[in-house]
Amino acid sequence: MQEKEISQAVIGRLPRYLRYLGDLKERNIERISSQELSSLMNVTASQIRQDFNNFGGFGQQGYGYNVEYLYDEISKILGLNHSHNFVIIGAGNLGKALGNYLNFERRGFIFKGMFDKNPELIGQKVRDVEIKPMEDLEVFLRENTIDIAVLTIPKTGAVGLVDTLVDNGIKAIWNFAHVDLDVPEGVQVENVHLSDSLMKLSYNISRYNDGKEN
């Protein structure tokens, strides 16, 4: 049987569901209806049910959703029942900020290495991870099981690095460089263009202000 294709829009909402369900777990709430979840998240109850039905539904008629069970199932869908080792390439302000973000470990993303070409940064530590020179990257990737490379470097450097990463076992790239990367089939890329987000925010501000003036 052919596996059902799930839209990226649905996948994009799953981390938000997980975040809200995690908050409910911390408050010891055992069950919740789609209507109650809708009120919390500002997503329609119909949309919530449609999203969950892509994966089998999870709910019970007249009961709603068991919070812990739903949290665990969404975690599995997102692959969070397995740990993923990652390295950060680029030890500037953004790279260091990501390296210091402790919530990655709570989700199963393990910070294993950091690399930079600036000799002044080599030997410094971000938490307990020592910044290494770029020349050590290939050997490090070969000797360690690394799933994800996080790129916080200029776009020219990012483009030139793709082949090295793929050839040494990287299966996914979290790309903060302002360029769309060309990778082989089977290698996953998540592009994060920070300026794009700011421009969307600017658009929404402008639209809101124009509406008030009309």
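Tabulated data
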read-out	value
Among residues of segment 49-60, those that are surrounded by 15 or more Cβ atoms within 10 Å (Cβ to Cβ) and at positive phi, counted	1
Qualifying residue in segment 125-147 (condition: under 16 Å from Ala177 (Cα atoms) and not β-branched (Val, Ile, Thr))	no
Enumeration of residues in segment 61-83 that are modelled with pLDDT under 90, in contact with a strand residue (DSSP E or B) (Cβ under 8 Å, 6 or more places away or on another chain) and either open to solvent by 20 Å² or more (accessible area, probe 1.4 Å) or in a loop (DSSP other than H, G, I, E, B) (or both)	Tyr63
Single residue of segment 84-112 satisfying the filter (touching a strand residue (DSSP E or B) at 6+ places or on another chain (Cβ under 8 Å) and of a type in the set (Lys, Arg)) that is surrounded by the fewest Cβ atoms within 10 Å (Cβ to Cβ)	Lys112
Count - residues of segment 8-25 that are touching a residue at least 12 places away in the same chain (Cβ under 8 Å) and either under 15 Å from Ile77 (Cβ atoms) or open to solvent by 60 Å² or more (accessible area, probe 1.4 Å) (or both)	10
Residue check for Leu141: open to solvent by 50 Å² or more (accessible area, probe 1.4 Å) and out of contact with any Pro (no Cβ under 7 Å at 6 or more places or on another chain)	no
Scan of segment 181-200 for residues that are open to solvent by 80 Å² or more (accessible area, probe 1.4 Å) and at pLDDT 90 or above, ordered by number	Glu185, Gln188, Glu190, Met199
For Ile32: the one exception among (1) under 17 Å from Asp72 (Cβ atoms); (2) open to solvent by 20 Å² or more (accessible area, probe 1.4 Å); (3) of a type in the set (Val, Ile, Thr)	(2)
Whichever residue in segment 161-180 is out of contact with any helix residue (DSSP H, G or I) (no Cβ under 8 Å at 6 or more places or on another chain) and open to solvent by less than 60 Å² (accessible area, probe 1.4 Å) and, among such residues, is nearest to Lys117 (Cα to Cα)	Leu161
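The values are calculated or read from the model by the stated rules, or taken from the named source; none is laboratory data. Note that the structure is a prediction, hence the values are computed from the model and not measured. Virtual Cβ from ideal backbone geometry, glycine too; neighbours counted across all protein chains shown. These area figures cover heavy atoms from the full protein model, side chains too; ligands, DNA and RNA do not enter into them. Shrake-Rupley method; radii C 1.70, N 1.55, O 1.52, S 1.80 Å.
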